[in-house]
Amino acid sequence: MAGLAKVFGSGAMTNSIMEIENNDLLFVIGSNTTEAHPIIGLWMKKAVRKGAKLIVADPRKINLVKFSHLWLRQKPGTDVALLNGIAHVILKEGLEDKDFIHKWTEGFEEWKRSVEEYSPERVEGITGVPKDDIIKAARLYGTAEKAGIYYTMGITQHSHGTDNVFSIANLALLTGNLGKESAGVNPLRGQNNVQGSTDMGCISDSYPGYQKVMIPSVREKFEEEWGASLSDRPGLSTVEMTEAALEGRLKALYVMGENPVLSDPHMAHTVESLKSLELLVVQDIFLTETTELAHVVLPAASFAEKNGTFTNTERRVQRVRKAVNPPGDAREDLWIISAISERIGYTMGYDHPEEIFREIGRIWPALAGMDYRRLEPNGLQWPCPTKDHPGTPYLFRGGFPRGNGIFTSVEYKPSGETPDKEYPFLLTTGRILFRYHTGTMSARSKALQSVAPEAHVEINNEDAVKLGIKEGQKVKVKSRRGTISLKAKVTERSPKGVLFIPIHFNHASANTLTNDLLDPHSKTPEFKVCAVRIEV
Amino acid sequence: MVKLRIDGIDIEALEGMAILEAARLKGIDIPALCYHPKLSPYGGCRLCIVEIKGMPRPVTACTTTVSEGMEVRTTSPYIERLRKTNLDLLLSDHPYDCMVCQKAGECDLQDLAYQYGIREPRFKGERRIYTKRDGNPFIERDMEKCILCGKCVRICDEVQGVSAIDFAYRGLKTKVCPPFERDLDCEFCGQCVMVCPTGSLVGKNWIGKGRARNVGEVNTTCPYCGVGCSLTLHIKDNKIIRVSSKEDSVVNEGMLCAKGRFGYDFVASPDRLKTPLIKRNGRFEPVSWDEALDYISKRLKEIKEKYGPDAIGGLSSARCTNEENYLFQKFMRAAVGTNNIDHCARH
């Protein structure tokens, strides 16, 4: 998101889910869409049935490959080279949109020089993708009238994740695939309200609506609205908080509905850090790996037990409605936060979530035109600045918020930890269809649990034969940070030299192994690449 | 555009549109069990038969496209007699167990039998008797109730792109099943359950939890991934007994995945936290809200005083609502006085 905000002045999916069916070309990179976003996967399949071309770039033979016209099997962590290579060919063949570049962008000439080095031959060497396929992809993407790029964590969860996003944005700027229907740059957000939680300012450097805490005039506005004096020091990100706790700078942590022990990289490190706190408060609907370390645990309400809104991946704000009462003495998060706030001397005083929603509209113009009544029946997509505004299905019609879109030169950098003699395999992580995130919810669904009861490690059949590993056999996977044991799944899905482990299982947590190296801009950890070895 | 007249009403329809779809534009409802707007036309149930002026025999409205000047009658004593006979034939090979069927009250076949007043079918003869049930954990497949409309087969192939089921055998023995009649092993999206017009396909975890009576519906948004599918929670006695989705929802058009459709039982899990807990001597003890909140606020105040507000951090959740996230960061910034606020799903 940090990447897109820098290039366009706004970081979100540019286009809408329902526009997918009318794309002429879909370029899906680093997204196992049919498993992680199954319904968006359906819209993609519909587009293909209606005649769209589909390019899938993924090291694993994901289900979507079956529906694709071209599959680019790049080595994990080499996306910048691949995308620069595609741009190189588009330029060489004159497929760029000159009018768009002239009218709406800046930095083109300098960037153009930066991709000169990325000939298909050289890119083949880095990525393992045959040069003819790189040329094919460039022609398909470069000649399509309406081409949309779709990506997820396969792009962002790298130490150079922001660079990956820059190279995606460059491609869209180069071909003028922005500011129009059924095209764009579309990061598919992974959790029900991850878009909303960033919109709402649950990021260390921004108030709600991406308004920066460091800008004095912004801070004054919020001080007035909230009736409190606010800190002018930037805050710490999740992984930085882990460090700060270990170094004794952070003493108390209040966690609402998260399970960082399982979801953060380098698990042992996270546990040690949380243990060093003087106060850990965890508010959740279940006991988790994180609550185990808490001093106080507060029982919260689930999605079905409260009123409010979620914002989906296409910026659509939709209603969440209370259907049942919370069990026992569990309470809604709003009640809990207000009660603690009151006790430490700051009274909030809301009677209903809609009062909060209206307050958000007052301080963030993108939501100013929304209210609960207008969200009937299908929600509204921000920006929606006035009461008669219909919402915004696609962004940047007639220009970017920051004026021009910027071309950003990015050079290919290898991942932070690559396979070597001692740890010869590359490990990548991700989701599977029947599980969700850390499993707090999905593992408690009997049916889902029964079809995906335990963790596995995908290993390519040729590697398996070499190592004498058989389907279903228990193996150990080791990295410099830890070891887990789990069953082997021998398959062609993962390429040679690459292992894949789903992230959902606490009995064999992939994040015991992963690297906590961060992308310097977005502070996203490198979940997608680390070096491991596998033992029988 | 093509101009035609259905039951005396002038209608303008798109070229290539089926008569059935053109009729629905004007609210003329032609009975049909195998038609679905998302699927290719099939013409299997023979209930949507209509008369067209100048044509010797009735035709199926779902497979006949509109043409200029066409005059259609969707109902007449003759058509209704034929329709009733066709319905009667379908019912002749359908078990009479509406009293225990999960689908009673929202079954298209039952509704039509009610509408046409068929208490007992005229046609006596051999019926398909199947005892095998499918061992998969999500979907109950009762093939005795199947009328072979093929909607499940088509949605699995044409929309989901999975093709986990198809027709097997021939004639009276025809049935829908996975390859070699093994247990269903698919993505378990349940789109087939959504389109099934009878009680042949239902969710396993719906069974025995309640039917139409005393069941409330609440529309909300799915708590799993970021797509934001619309959900309808079916509520009885303060419990979610089923999840469905309205077909007019814009994000997902009624379609769901296995998690959205079947993964709701965590809400009523016995593991849910029901009371605040404070750790004493390494063990959690249940305490009152007052005690928990007093403890937290006292400790927060002490830590803030001793080390300053930046010694306190907050992790918010991509699972919680906008209002909760907003309030949480407001709490950290305005009440505690720090910008140490983040959530785990950075990307």
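Points to keep in mind about this one:
- Calculated mean residue ellipticity, 222 nm, chain A: -8500 deg cm²/dmol, from DSSP H runs (n ≥ 4) at -39500 (n - 2.57) each, averaged per residue and rounded to 500.
- Mean silhouette area of region A:150-292, derived from the convex hull of its C-alpha atoms and averaged over all directions, reads 11.5 nm².
- Shape metrics for region A:2-188, restricted to C-alpha atoms - Rg then Dmax, Å: 14.8, 40
- Springs between Cα atoms under 10 Å define the GNM used for chain B, and in it the highest mean-square fluctuation of B:Asn322, B:Asn238, B:Asn281 occurs at B:Asn281.
- Each Cα pair of the protein assembly as shown feeds into the Kirkwood radius, which the Stokes-Einstein equation turns, at 4 °C and 1.567 mPa s, into a diffusion coefficient of 44 µm²/s.
- For region A:362-480, the spread of Cα positions along each principal axis, largest first, Å: 66, 47, 24
- In terms of overall dimensions, region A:40-103 has a Cα radius of gyration and Dmax of 14.5, 39 angstrom.
- Calculated FRET value between A:Glu471 and B:Glu71, using beta carbons and R₀ = 51 Å, to 0.05: 0.20
- For region B:75-185, diffusion coefficient by Stokes-Einstein and Kirkwood Rh (Cα), 25 °C, 0.890 mPa s, µm²/s: 156
- Filtered GluC sites (Glu not before Pro), region B:81-189: DSSP coil and at most 10 other beta carbons within 10 Å: B:Glu126
- A simple spin-label model places the labels of A:Glu93 and A:Glu220 5.5 nm from each other, with each point 7 Å out along Cα-to-Cβ.
- Rg/Rg_globular for chain B, with Rg_globular taken as 2.2 N^0.38 Å and Rg from C-alpha atoms: 1.36
- Counting Lys and Arg as +1 and Asp and Glu as -1 over every other residue whose Cβ lies under 11 Å from the Cβ of B:His234, the net charge comes to +3.
- Charge tally for A:Asn404 (other residues, Cβ to Cβ under 12 Å; Lys, Arg +1; Asp, Glu -1): +1.
- Taking B:Leu82, B:Leu109, B:Leu273 as the candidate residues, the one with maximal mean-square fluctuation in a Gaussian network model of chain B, Cα springs under 10 Å, is B:Leu273.
- Whole-Å distance, taken between Cα centres, linking region B:215-244 and region A:262-332: 20
- Ellipsoid semi-axes in whole angstrom, largest first, where each is sqrt(5λ) of the Cα gyration tensor of region A:425-535: 21, 20, 12
- Comparing B:Ser269, B:Ser249, B:Ser288 in a Gaussian network model of chain B (Cα springs below 10 Å), the most mobile by mean-square fluctuation is B:Ser288.
- The Stokes-Einstein estimate for region B:1-101, based on a Kirkwood radius over Cα pairs and taken at 10 °C with 1.306 mPa s viscosity, is a diffusion coefficient of 111 µm²/s.
- Look at where the Cα atoms of region A:127-164 and of region B:74-122 average out, and the two centres are 54 Å apart.
- Other residues with beta-carbon under 15 Å from the beta-carbon of B:Glu80 carry, at +1 per Lys or Arg and -1 per Asp or Glu, a net charge of +1.
- Note on region B:1-48 and region A:1-72: Cα centroid distance 34 Å, given to the nearest whole angstrom.
Values quoted throughout were computed directly from the atomic coordinates according to the rules given, and no laboratory measurement underlies them. Every value quoted in this text rests on a predicted model; they were computed, and no experiment measured them. Counting neighbours? That spans all protein chains shown, and the Cβs are built from the backbone with ideal geometry, glycine included.
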